[in-house]
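Here's the structure, in structure tokens; my notes come after.
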Amino acid sequence: GRFLCLPAVPPLAPGSRLSHFELEHQLGQGGMGTVYRARDLRLRRPVALKVLPPESATNLVLRQFLLHEARAASALSHANIVAIYEVGTHQGIDFIAMELVEGGTLAGVIPAVGLPLPLVFTYARQIAAGLAKAHAAGGVHRDIKPGNVMLTPDGVIKLLDFGLARWLPASGAGVAG
């Protein structure tokens, strides 16, 4: 397949610590790891903490791939892209700390009959703005779907999961992935 899918990560217990992050509860699980709501004890703020599969620690090529993608995504700063705060390893567990977005995924708010056309345009404009920023930096997301698009309570779109993105040299930014 075109996309990398890894085995599920065994859940970590609420209250446990990973470096300077205290885990509160699991938010979700996908092919690239398990995401927890956590508290950054240094900066005293909530974060989303993606814990990468154990294979990322033992497979050097996979680990370099995942960490490279996270570092590339962390260079993006845009209102419609979830901010990456830190990439780290603690006791053999790789993790990515990122902005915690309150709200839900676009998949959870689209009714069976679809969204009203004005909302479609509002959300599409924000999605396009975030993707344009990533594209200008050489990033092609490659997994845009309603489940990777968060909608905040005040209607702001945030793009998630650049873990499958392809990062091209600046001269290749116009090449489709």
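Worth pointing out:
- Just so you know, in the stretch 92-108 the residues that are at pLDDT below 90 and either surrounded by fewer than 21 Cβ atoms within 10 Å (Cβ to Cβ) or basic (Lys, Arg) (or both) include one that is farthest from the chain's Cα centre (by Cα), and it is Gly92.
- Considered as a group, the residues in the stretch 13-46 that are assigned to a strand (DSSP E or B) and among the aliphatic types (A, V, I, L, M) include one that is surrounded by the most Cβ atoms within 10 Å (Cβ to Cβ), and that residue is Ala38.
- Among residues of the stretch 68-91 being part of a strand (DSSP E or B) and farther than 18 Å from Pro54 by Cα, the one that is most open to solvent (accessible area, probe 1.4 Å) is Tyr85.
- Any chance Val51 is open to solvent by less than 30 Å² (accessible area, probe 1.4 Å), of a type in the set (Val, Ile, Thr) and modelled with pLDDT of 95 or more: no
- Qualifying residue in the stretch 70-89 (condition: in contact with a Lys or Arg (Cβ under 9 Å, 6 or more places away or on another chain) and of a type in the set (Asp, Glu)): no
- Subset of the stretch 139-160 (residues that are closer than 21 Å to Ala70 by Cβ, in contact (Cβ under 8 Å) with a residue 40 or more places away in the chain and in a loop (DSSP other than H, G, I, E, B)): Arg142, Asp143, Leu160
So that you can scan it fast, the table gives a plain yes or no per residue for (1) surrounded by fewer than 18 Cβ atoms within 10 Å (Cβ to Cβ); (2) modelled with pLDDT under 75; (3) in contact with a Cys (Cβ under 6 Å, 6 or more places away or on another chain):
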residue: Ala136; (1), (2), (3): yes, no, no
residue: Val156; (1), (2), (3): yes, no, no
residue: Leu159; (1), (2), (3): no, no, no
residue: Ala165; (1), (2), (3): no, yes, no
residue: Ser171; (1), (2), (3): yes, yes, no
residue: Ala176; (1), (2), (3): yes, yes, no
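The values are calculated or read from the model by the stated rules, or taken from the named source; none is laboratory data. Just so it is clear, the model here is predicted, and its values are computed rather than measured. Heads up, the Cβs are rebuilt from the backbone with ideal geometry, glycines too, and the neighbour counts pull from every protein chain shown. Please note that ligands, DNA and RNA were not included when accessible areas were found on the heavy atoms of the full protein model with its side chains. Shrake-Rupley method; radii C 1.70, N 1.55, O 1.52, S 1.80 Å.
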